[in-house]
Amino acid sequence: MSAETFYVTTPIFYVNDAPHIGHGYTTVMGDILTRWHRQRGERVWYLTGTDEHGQKVLRKAELNGVSPQQWVDQLVDDEWRPMLETLDIANDDYIRTTDQRHIDGSKAFWQALYERDAVYKGSFEGHYSVGSEEFVGEDDVVDGEGDDEGFKVSTLDGSRVEYMSEENYFFRLGDYQQKLLDFYEANPTFIQPESARNEVISFVSRGLRDLSISRSTFDWGIGVPWDDEHVMYVWIEALLNYVTAAGYGVDDERFAELWPANIHIVGKDIARFHAVIWPAMLMAAGQPVPHQVFAHGWLLVGGQKMSKSKANGIRPDEIVDTFGSDAYRYYFARALTFGSDGSISWEDISARYHAELANGFGNLASRVAAMIGKYFDGSLPAAGDLGDAELAVVDTVAEAVRGADEAIEAVAPQDALASIWRIVDELNGYITDQAPWKVAKDAATDEEAAARLATILNTTAEGLRVLAVVLNPVMPKASAVLWDSLGAEPTLGALADQRIDAVATWGRLAPGSTITKPASLFPRIETVETA
């Protein structure tokens with residue numbers, strides 16, 4: 001970990017089209033991770049952004065009759081930045097590869113490679129996928145079928161490839177095969193999950209060839225600093241965003257605070273770029289390697305990997321407009337195992353929304369506030385002595401918070417939420433078993449019953465306080481409403497200032513605090529159309 005800052009990145013997303021929920025998935029998981037670390041009280045830096053150069057962008061702009069810069073500006077303003085607002089992303093920085101800081105930093109990095117004899121001039125002849133902006137080896141090229149009949153396609157991702165021959169600069173990737181294998185052995189958690197690590201090690205073990213890193217047949221890109229007839233190969237340039245955003249080549253003090261990154265969150269289809277090419281480039285430039293590359297799985301819709309070409313590229317706002325951003329964030333963090341492929345469906349989103357959010361969590365918050373309003377005029381009662389039932393709640397809460405924190409440390413948001421939901425289930429079970437509505441019948445004439453009722457409702461309110469804090473990284477809107485309804489801020493401070501390591505300390509809500517019944521955190525959705 002960087003001594004100064006917990007630095008997390010998403011890939012920078014390629015702006016040839018509008019974002020789909022695959023992009024949203026990556027970004028939300030990074031946001032949950034960094035929000036949790038902020039809730040720990042750590043200094044955090046969360047970076048996302050857009051990749052705006054390359055032949056595919058150039059062709060798309062020409063097809064739309066605008067300049068490449070106009071095309072990327074429009075997509076960033078109309079589609080990519082709005083996605084962050086739609087999903088309540090609390091990123092600290094947004095890098096565009098057309099930013100001057102990126103251009104300057106990239107040139108500085110390339111100059112370092114050049115001066116350390118890590119690049120040389122040569123000729124490339126072979127297949128190139130414009131769709132994935134990737135050079136494709138002969139062993140990975142086959143004849144296309146169906147709509148691709150008459151074309152050559154890549155077995156790596158099914159994209160069409162073109163045969164090209166041009167003068168390029170090459171990076172001496174072949175020099176780093178053993179260095180990378182030694183690094184993986186010395187740093188077993190560098191590439192995660194284990195399946196991605198095994199694939200990367202297998203790939204590198206088969207042998208690495210030097211990599212073409214420039215293009216000379218078009219000019220939409222960053223020029224090679226010592227040769228203005230070449231532009232940087234878009235993938236190599238894109239990887240540099242992680243250091244250029246951190247200040248490489250333009251702000252040494254900022255770079256020292258942020259680099260190396262703690263976690264690069266990527267899709268598994270680009271793990272090889274991040275776990276092979278990127279660390280080799282950093283080694284060649286004399287820079288530290290990031291602590292971890294975490295490759296998540298594909299989102300499957302109808303059993304197929306989601307993509308625009310298959311017409312199953314669902315937009316994030318299609319889900320958010322129906323269920324809200326909190327439910328979106330919760331669903332993708334809870335229903336899928338981060339690091340594995342996962343199937344999603346509109347029906348499953350709806351089922352989880354109603355069972356877990358509306359009936360489980362939302363109804364719990366509403367019932368507790370309503371009973372405190374009814375039996376104590378909305379003023380939080382003081383608890384009496386805690387009995388076995390209350391101590392069981394306290395223990396469960398403490399264990400759940402510990403488990404969630406450990407799961408976040410392991411980059412397993414689904415396990416963190418499973419642990420947190422033990423609190424929801426415990427509180428719902430506690431209310432059912434203690435039946436405060438029955439106790440309330442005798443409370444007016446029986447001091448012991450009145451004290452018991454106060455203890456029950458104080459205990460459930462304390463549990464909700466903990467839930468507001470530990471769910472804040474996942475569902476910030478609902479958590480803020482819950483925190484406000486508990487009247488916690490006047491005595492405990494802002495929700496963002498509550499710390500994970502202290503949240504399970506019992507009895508923090510001040511007796512007499514005004515408890516208000518919030519608007520339904522997750523109202524039932526009567527009619528949901530299948531997407």
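Worth pointing out:
- V401 outside any helix (DSSP H, G or I), within 30 Å of F338 (Cα to Cα) and under 38 Å from the mean Cα position of the chain (by Cα): no
- Residues of the stretch 199-209 include none that is open to solvent by 10 Å² or more (accessible area, probe 1.4 Å), among the β-branched types (V, I, T) and over 28 Å from Y128 (Cβ atoms).
- Residue in the stretch 439-448 that is under 16 Å from G360 (Cβ atoms) and either aliphatic (A, V, I, L, M) or touching a strand residue (DSSP E or B) at 6+ places or on another chain (Cβ under 6 Å) (or both) present: no
- Number of positions in the stretch 216-258 that are within 18 Å of A61 (Cβ to Cβ), open to solvent by 10 Å² or more (accessible area, probe 1.4 Å) and of a type outside the set (V, I, T): 4
- Test result for E406, under 21 Å from R329 (Cα atoms) and open to solvent by 30 Å² or more (accessible area, probe 1.4 Å): yes
- Single match in R81, R101 (criterion: part of a helix (DSSP H, G or I), touching a residue at least 60 places away in the same chain (Cβ under 8 Å), of a type in the set (K, R) and on the phi < 0 side of the Ramachandran plot): R101
- Cβ separations smaller than 9 Å between residues 6+ apart or across chains give no pair from the stretch 14-34 residues that are more than 28 Å from A410 (Cα to Cα) and in a helix (DSSP H, G or I) to residues that are open to solvent by 10 Å² or more (accessible area, probe 1.4 Å) and at pLDDT below 95.
- E134 vs. criteria out of contact with any helix residue (DSSP H, G or I) (no Cβ under 6 Å at 6 or more places or on another chain), open to solvent by 50 Å² or more (accessible area, probe 1.4 Å) and modelled with pLDDT under 85: no
- Subset of the stretch 45-61 [assigned to a strand (DSSP E or B) and within 16 Å of V234 (Cα to Cα)]: G49, T50, D51
- Only a single item in (1) under 23 Å from Y25 (Cα atoms); (2) touching a Phe, Trp or Tyr at 6+ places or on another chain (Cβ under 9 Å) is not met by N241, and it is number (2).
- Count - residues of the stretch 1-13 that are open to solvent by less than 40 Å² (accessible area, probe 1.4 Å) and either out of contact with any strand residue (DSSP E or B) (no Cβ under 7 Å at 6 or more places or on another chain) or not in a loop (DSSP other than H, G, I, E, B) (or both): 9
- Hits in the stretch 32-86 - residues which are among the acidic types (D, E) and open to solvent by less than 10 Å² (accessible area, probe 1.4 Å): E52
- Residue pairs meeting the criteria (Cβ under 6 Å; at least 6 apart or on separate chains; first within 20 Å of P11 (Cβ to Cβ) and touching a residue at least 24 places away in the same chain (Cβ under 8 Å), in the stretch 217-237; second hydroxyl-bearing (S, T, Y) and not in a strand (DSSP E or B)): I222/S106; E237/S106
- Note on the stretch 104-116: among residues that are open to solvent by 10 Å² or more (accessible area, probe 1.4 Å), in contact (Cβ under 8 Å) with a residue 40 or more places away in the chain and out of contact with any Gly (no Cβ under 8 Å at 6 or more places or on another chain), the one that is farthest from R35 (Cα to Cα) is Y114.
- Number of the condition not met by R524 [criteria: (1) over 22 Å from D377 (Cα atoms); (2) open to solvent by less than 80 Å² (accessible area, probe 1.4 Å); (3) touching a residue at least 12 places away in the same chain (Cβ under 8 Å)]: (2)
- Strands (runs of 3 or more DSSP E) (entirely within the stretch 270-352) containing at least 1 residues that are modelled with pLDDT of 95 or more: 293-296
- Selected residue (only one of T505, T514 is within 19 Å of A369 (Cβ to Cβ) and open to solvent by 20 Å² or more (accessible area, probe 1.4 Å)): T514
- Some residue of the stretch 451-460 being surrounded by fewer than 20 Cβ atoms within 10 Å (Cβ to Cβ), on the phi < 0 side of the Ramachandran plot and not basic (K, R): yes
- Scanning the stretch 423-440 for any residue that is within 27 Å of V44 (Cβ to Cβ), open to solvent by less than 10 Å² (accessible area, probe 1.4 Å) and either in a helix (DSSP H, G or I) or among the aromatic types (F, W, Y) (or both) turns up at least one such residue.
The values are calculated or read from the model by the stated rules, or taken from the named source; none is laboratory data. If you're wondering where the values come from, they're calculated on a predicted model, not measured in any experiment. So basically every Cβ, Gly included, is an ideal-geometry build from the backbone, and we count neighbours across all protein chains shown. SASA here: full protein model, heavy atoms, side chains in, ligands and nucleic acids out. Shrake-Rupley method; radii C 1.70, N 1.55, O 1.52, S 1.80 Å.
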